[in-house]
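The values are calculated or read from the model by the stated rules, or taken from the named source; none is laboratory data. Since we're looking at a predicted model, the values are computed, not measured. Methodologically, a virtual Cβ is constructed for each residue, glycine included, from the backbone with ideal geometry; neighbour enumeration extends over all protein chains shown. Remember, those area values only see protein heavy atoms, side chains included, never the ligands or the DNA or RNA. Shrake-Rupley method; radii C 1.70, N 1.55, O 1.52, S 1.80 Å.
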Amino acid sequence: MTSSLPARASRLRGARALFTGREGGVSVAEHAGLNLARHVGDDEDAVRRNRELLEQELAVPVVFVDQVHSADVHVLPAEGPVPVVTADALVTDRDDVALAIMVADCLPVLLSDPVSGTIGAAHAGRAGLLGGVLERTVEAMGELGARPEELTASIGPAICGACYEVPEQMRAEAARQLPATQASTSWGTPSLDLRAGAVEILVAAGIALSAIDAEHPCTLEDERFYSHRRQARTGRFAGVVRRG
Ligand SMILES: [Zn+2]
């Protein structure tokens, strides 16, 4: 049962993965479209309706977290209701829920191991990426039986290295830990390529480069997505994954 919610599909083995955009929701003005976040000043009823549309699309309840740019991973209870917790990644082997991570420039990273039937979703901005959120997500999936060599990953729409300007010192600090993040903007100033950094981390964790789908648009350049850099007051789209 699929509805017609506009979303980008991604190739993940053993799971259905998608990235929503602005299209298809009921929010208006600066949140216009499918804003899925409650904390950004949007109308509560509009957000509730948008989340219902997403659940219809996935055909199961969608689990969100209160994201705080940490490296904390929440492993869902094996069954029963799922409380809303503060964390920046979700992991489960359940097939009766979908996992969602909300973003507007940060990386939404979705993972699946088709052999153990384990899925994960992580919110990786600069702080989370450097703090180890992706390594910890892969680790937590491992505790449920996932093996890195079986994992497939998708790194969704996010601000790109040619757009994500940062101070020189911030670039230097990030590059010491993750050399692949070092980049320059299209106008020649220091920047970070978070997507390249995420690929570097996932490959170091044992995931095959060929199993990583990293080809997704830049949120700052592509107005089909919310971008916090483009507009401080805006909505959040999501990366969502479910087994099957
Ligand atoms: Zn860009």
Kindly indicate which of ASP88, ASP113 is of a type in the set (Asp, Glu), touching a Ser or Thr at 6+ places or on another chain (Cβ under 6 Å) and more than 16 Å from the ligand (Cβ to nearest atom).
ASP88
Identify the residue in region 210-244 that is open to solvent by 30 Å² or more (accessible area, probe 1.4 Å) and in contact with a helix residue (DSSP H, G or I) (Cβ under 7 Å, 6 or more places away or on another chain) and, among all such residues, is nearest to the ligand (Cβ to nearest atom).
GLN231
Tabulated pairs, region 6-19, first in contact (Cβ under 8 Å) with a residue 12 or more places away in the chain and on the phi > 0 side of the Ramachandran plot, second open to solvent by 50 Å² or more (accessible area, probe 1.4 Å) and part of a strand (DSSP E or B), C-beta under 8 angstrom, 6+ apart or interchain
GLY14/ARG243
So which strands (runs of 3 or more DSSP E) stay within region 1-118 end to end and still have 3 or more residues that are open to solvent by less than 20 Å² (accessible area, probe 1.4 Å)?
15-20, 89-92, 98-103, 107-113
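A quick yes/no check of all residues on (1) closer than 25 Å to ALA238 by Cβ; (2) out of contact with any Lys or Arg (no Cβ under 6 Å at 6 or more places or on another chain); (3) of a type in the set (Gly, Ala, Ser):
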{"site": "GLU135", "(1), (2), (3)": "yes, yes, no"}
{"site": "SER154", "(1), (2), (3)": "yes, yes, yes"}
{"site": "ALA162", "(1), (2), (3)": "yes, yes, yes"}
{"site": "ARG171", "(1), (2), (3)": "no, yes, no"}
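Checking the conditions here, which among THR185, THR189 is within 12 Å of the ligand (Cβ to nearest atom) and open to solvent by less than 50 Å² (accessible area, probe 1.4 Å)? It would help to see each step written out before you state the result.
Values: THR189 fails: within 12 Å of the ligand (Cβ to nearest atom).
After ruling out the rest, the residue left standing is THR185.
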Conditions (1) touching a residue at least 12 places away in the same chain (Cβ under 8 Å); (2) hydrophobic (A, V, I, L, M, F, W, C); (3) in a helix (DSSP H, G or I); (4) open to solvent by 20 Å² or more (accessible area, probe 1.4 Å) -> VAL203 fails only (1)
Pairs returned, first residue in region 215-236 that is free of Cβ contacts under 8 Å to residues at least 60 places away in the same chain, second residue that is open to solvent by 10 Å² or more (accessible area, probe 1.4 Å) and part of a loop (DSSP other than H, G, I, E, B), beta-carbon separation under 7 angstrom, 6 or more apart or interchain, are ARG230/LEU220
In region 163-171, is there at least one residue being open to solvent by 30 Å² or more (accessible area, probe 1.4 Å), aliphatic (A, V, I, L, M), at pLDDT below 95 and away from the ligand (no atom under 15 Å from the Cβ)?
no
Looking at ILE159, ILE155, ILE101 in this structure, which one is within 16 Å of the ligand (Cβ to nearest atom), within 13 Å of the chain's Cα centre (by Cα), at pLDDT 95 or above and under 21 Å from GLY14 (Cα atoms)?
ILE155
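Suppose the filter is assigned to a helix (DSSP H, G or I), of a type outside the set (Ser, Thr, Tyr), more than 14 Å from the ligand (Cβ to nearest atom) and crowded, with 23+ Cβ neighbours inside 10 Å; does ALA198 pass it?
yes
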